[in-house]
1. Which residue, of 204, 144, is in contact with a helix residue (DSSP H, G or I) (Cβ under 9 Å, 6 or more places away or on another chain) and at pLDDT 95 or above?
2. Given the condition more than 15 Å from residue 184 (Cβ to Cβ) and surrounded by 12 or more Cβ atoms within 10 Å (Cβ to Cβ), answer yes or no: does some residue in the stretch 126-139 qualify?
3. Do we have residue 146 as closer than 21 Å to residue 30 by Cα and either in contact with a strand residue (DSSP E or B) (Cβ under 8 Å, 6 or more places away or on another chain) or part of a helix (DSSP H, G or I) (or both) here?
4. Exactly one condition in (1) within 17 Å of residue 24 (Cα to Cα); (2) surrounded by 13 or more Cβ atoms within 10 Å (Cβ to Cβ) is not met by residue 72; state its number.
5. Only one of 47, 33 is closer than 24 Å to residue 111 by Cα, in a loop (DSSP other than H, G, I, E, B) and either modelled with pLDDT of 95 or more or out of contact with any strand residue (DSSP E or B) (no Cβ under 7 Å at 6 or more places or on another chain) (or both); which?
6. Restricting to the stretch 94-108, name every residue that is within 15 Å of residue 43 (Cα to Cα) and surrounded by 12 or more Cβ atoms within 10 Å (Cβ to Cβ).
7. Restricting the search to the stretch 52-77, which residues are over 17 Å from the mean Cα position of the chain (by Cα), farther than 23 Å from residue 96 by Cα, assigned to a helix (DSSP H, G or I) and free of Cβ contacts under 8 Å to residues at least 12 places away in the same chain?
8. When the residues of the stretch 144-177 are narrowed to those that are within 17 Å of residue 125 (Cα to Cα) and under 13 Å from the mean Cα position of the chain (by Cα), which ends up surrounded by the fewest Cβ atoms within 10 Å (Cβ to Cβ)?
C-alpha cells in the first residue's frame, strides 16, 4: 500500500497512475461493500435510530484518524474500514426507509446509477486533456455553500428536499471529477487510502441524493 519505494526519485511518482487507480477503486469498492453489509445487518436487528446517529459521530472520528495515521498504511486502511462500518450503520435506517416506502428497486436503481455515473465521470477525466483539478476551488466553495444552505434549510424549510438533492448531486459530481483528476496526476501527495476515502464520500453522497430524487418520483 506504500506509494513510494526507497529507489524512487524525489518528486517522481512511485507507481503508475493506472496502478494507483486500481488501488483506489479496490479500497473504495471494499468500503461500499462493508457499508452495505453493516447497514443491512444492523437495520435487520432493528437497532434504535440513536445508534445510527452515534455511529455517524464515531465514524467522523475514524475519518480524522485515516489522515492522522497516513504514515502507517495498515492502520490507516483499518481506520477506513471501521469508518465504512460506521457509515453503513449510520445511513442504514435511511436506506431501509426508502426501501419500505418506495420498494427495494429504488435502492438498487440509486446504487446502480451512482456506480455507472462515477465510472462515466472517471472515463471523462481519463479520456480528456482538461485538468479538472483547476476546478477544486470552485468545488470546495460549492460544498461549503451546500452545507450552509442545508443547515439553514433544516430550520427554515425554504428549500424543497428534491431541489437540495439535485444541488448535492451537482456538487459531488464536480468533486468526483476533481478527485479522479488527482488520481490521474499521481495523487497530489495523498495516499491511496486518503483518495479512496474522498471517492467513497463522493459516492455515498451521490447515492443518498439519488435515493431522494428517485424515491420522490415514485410517489
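The values are calculated or read from the model by the stated rules, or taken from the named source; none is laboratory data. None of these values were measured; they are calculated from a predicted model. We place every Cβ from the backbone using ideal geometry, glycine too, and count neighbours over all the protein chains shown.
1. On the way: 144 fails: in contact with a helix residue (DSSP H, G or I) (Cβ under 9 Å, 6 or more places away or on another chain).
Checking each option against the conditions leaves just 204.
2. Among the residues of the stretch 126-139, at least one is more than 15 Å from residue 184 (Cβ to Cβ) and surrounded by 12 or more Cβ atoms within 10 Å (Cβ to Cβ), which makes the answer yes.
3. Working: closer than 21 Å to residue 30 by Cα: no; either in contact with a strand residue (DSSP E or B) (Cβ under 8 Å, 6 or more places away or on another chain) or part of a helix (DSSP H, G or I) (or both): yes.
Judged against the criteria, residue 146 is not a match.
4. (2)
5. Of 47, 33, the one residue that is closer than 24 Å to residue 111 by Cα, in a loop (DSSP other than H, G, I, E, B) and either modelled with pLDDT of 95 or more or out of contact with any strand residue (DSSP E or B) (no Cβ under 7 Å at 6 or more places or on another chain) (or both) is 47.
6. Once the filter is applied, which keeps residues that are within 15 Å of residue 43 (Cα to Cα) and surrounded by 12 or more Cβ atoms within 10 Å (Cβ to Cβ), the stretch 94-108 yields 94, 95, 96, 97, 98, 99, 104, 107.
7. Result: 68, 75.
8. Here the answer is 173.
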